[in-house]
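J.: I have a structure I would like to understand better, so I am pasting it below and will then ask my questions one at a time.
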Amino acid sequence: MSIQEFLQSRIEDDERLAHESVARTALEDSRLALTDDGRVSATGWRILSETALKREMLFCHDDAPSPIPGTPRIVCVTCEEPYPCQSLRIAAAVYSDHPRYRPEWRPDDPDTRAD
């Protein structure tokens, strides 16, 4: 499974739960809320907004053969760095507790790790 396939699957999982939430409570907004037990909850609308942004990021950070001789063979079309780029690594790190997450997808810079 590639990092893009992994992210696409996680987005679909999030989206499915968000649609269930919106179907139960139609009058939601996109704000986060603090629950009585100290947890933060997100509404279905918030998750749907985030999944749309994640899909756009996947589209923008696709892989392509490098046009420059002597550089890595596959690069991110946006970042022009070896694929998977740091942006996708950061996005995937949100799901680092998922059993299909791969350690080699960790962001390169420790200061940007979400995991």
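The values are calculated or read from the model by the stated rules, or taken from the named source; none is laboratory data. From a predicted model like this one, the values you see are computed outputs, not experimental measurements. We place every Cβ from the backbone using ideal geometry, glycine too, and count neighbours over all the protein chains shown. Calculation scope for accessible area: heavy atoms of the full protein, side chains included, ligands and nucleic acids excluded. Shrake-Rupley method; radii C 1.70, N 1.55, O 1.52, S 1.80 Å.
J.: Hey, any hits in the range 35-47 for a residue that's modelled with pLDDT of 90 or more, assigned to a helix (DSSP H, G or I) and of a type in the set (Asp, Glu)?
T.: no
J.: Name, by its number, the condition in (1) loosely packed, with under 13 Cβ neighbours inside 10 Å; (2) under 18 Å from Gln4 (Cβ atoms); (3) free of Cβ contacts under 8 Å to residues at least 24 places away in the same chain that does not hold for Ser66.
T.: Ser66 satisfies every listed condition except (1).
J.: Another question about this same structure. Those residues that are open to solvent by 70 Å² or more (accessible area, probe 1.4 Å) and among the acidic types (Asp, Glu), I need them from the range 1-49; list them, please.
T.: Hits for the range 1-49 are Glu5, Glu12, Glu20, Asp36, Asp37.
J.: Select from the range 48-95 the residues that are assigned to a loop (DSSP other than H, G, I, E, B) and aliphatic (A, V, I, L, M) and list them in ascending order. So that I can check it myself, show each step before the final result.
T.: Here is the first cut: in the range 48-95, the residues assigned to a loop (DSSP other than H, G, I, E, B) are 61-62, 66-73, 77-81, 83-85, 94-95.
Matches in the range 48-95: Ile68, Val77, Val94.
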